[in-house]
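> One structure coming up, written as structure tokens, with questions to follow.
What follows draws every value from the coordinates through simple rules; no lab data is involved. Just so you know, these numbers come straight off a predicted model, no measurement behind them. Every residue, glycine among them, receives a Cβ derived from its backbone with ideal geometry; neighbour counts consider all protein chains shown.
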Amino acid sequence: MTHATLSTASSLITQFPWPELTGLKVLDLACGSGRNGLWFLSQGCEVTFIDQDLSALAKLTHDKAHQWQWNLEDGSAPPLPQESFDIVLVFNYLHRPLFPQIAASLKSGGLIVYETFTWQQAQIGRPRNPDFLLTENELQSVFANWQPLHYFEGRLSDAAGTESAKAQLIARKP
């Protein structure tokens, strides 16, 4: 794990005022490079990374890191373990049939941290397929009975100045 890897974690994560994280169980769903889960690992959390391609994490060896190479969309993956995680991370990924499993995988009082593209993204870049784009207020509606700690829907710019249309949610499971 290098400093450069840790510095690429989403600002939604790095700027949120987290309580003590040591020992918490985190799921980084559709983790890609694992950048967000790696940040939590560096904070003392136990992190499960799930993706259909974990090659970006091939050199990761840590006793608190678990890697599950699952295709979440073709029906071959087992269901997510229920009430097993304190925090679930989902970034730049949308597969609506997983919403109930994501919710069920969190312990009571656990946090969902979700950031992905909205319908407005199609106007400015990829993805453009509506299957991968949230409708207006969709993320907020899916977790409507949860305690919202942060919500944003609009345009964001990354460090390179690239603009994207996203929704962000951090909410506590009842």
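> Tell me which GluC sites (Glu not before Pro) from region 1-86 have a DSSP coil assignment and no more than 11 other beta carbons within 10 Å of their own. Write down the numbers at each step before the final one.
Details: sites: Glu20, Glu46, Glu73, Glu83; in loops: Glu20, Glu73, Glu83.
Qualifying residues, ordered by number: Glu20, Glu83.
> Below 13 angstrom from the Cβ of Gly125, what's the summed charge of the other residues (Lys, Arg +1; Asp, Glu -1)?
On the way: positive: Arg126, Arg128, Arg155, Lys166; negative: Asp158, Glu163.
Counting the neighbours of Gly125, the net charge comes to +2.
> Let me ask another. Could you pull out every one of the aspartates and glutamates with an alpha carbon less than 19 Å from that of Lys166, ignoring same-chain neighbours closer than 8 positions?
List returned: Asp28, Glu115, Asp131, Glu136, Glu138, Glu153, Asp158.
> Between Asn92 and Ala104, what length comes free when the chain is fully extended (0.36 nm per residue of separation minus the Cα-Cα distance, one decimal in nm)? Can you show the working numbers first?
Details: separation 12, 0.36 × 12 = 4.32 nm, distance 2.03 nm.
Working it through step by step, the gained length comes to 2.3 nm.
> Counting Lys and Arg as +1 and Asp and Glu as -1, what is the net charge of the other residues whose Cβ lies under 13 Å from the Cβ of Gln52?
Details: positive: none; negative: Asp51, Asp53, Glu73, Asp74.
Once positives and negatives cancel, what remains is -4.
> Mind checking which aspartates and glutamates have their Cα closer than 15 Å to the Cα of Lys173? Skip sequence neighbours fewer than 8 apart in that chain.
Result set, ordered by chain and number: Glu83, Asp86.
> Please enumerate, by chain and number, the lysines with C-alpha under 17 Å from the C-alpha of Lys64, excluding those fewer than 8 residues away in the same chain.
Filter leaves Lys25.
> Quickly estimate the mean residue ellipticity at 222 nm for the chain, helices only: each DSSP H run with n ≥ 4 gives -39500 (n - 2.57), and the total goes over all residues, rounded to 500.
Details: 5 runs with 29 residues, N = 174.
After summing the helix terms and dividing by the residues of the chain, the value is -3500 deg cm²/dmol.
> Looking at region 46-155, which trypsin sites (Lys or Arg not before Pro) are DSSP coil and have at most 15 other C-beta atoms within 10 Å of their C-beta?
Details: sites: Lys59, Lys64, Lys107, Arg128, Arg155; in loops: Lys59, Lys64, Arg128.
Sites meeting the loop and neighbour criteria: Lys59, Lys64, Arg128.
> I've got another one for you. Please compute the contact order of the chain in relative form: average sequence separation of alpha-carbon pairs under 8 Å and at least six residues apart, divided by the residue count, as a percent.
Values: 339 pairs, mean separation 29.1, N = 174.
Reported relative contact order: 17 percent.
> Further question on the same structure: Spelling out what I want: for every residue of region 77-89, take phi, set θ = phi - 60°, compute 6.51 cos²θ - 1.76 cosθ + 1.60 (Karplus), and round to whole Hz; glycine and proline get x.
Those phi angles translate into 7, x, x, 4, x, 7, 6, 10, 10, 7, 9, 10, 9 Hz.
> Let me ask another. When Cα Rg over 2.2 N^0.38 Å is calculated directly from the model, which label among (1) 0.98; (2) 1.26; (3) 1.51 fits?
From the options (1) 0.98; (2) 1.26; (3) 1.51, the structure gives (1).
> I want the antiparallel fraction of DSSP beta bridges within the chain, as a percent rounded to 5.
On the way: 17 of 38 bridges.
Percent antiparallel among DSSP bridges in the chain is about 45.
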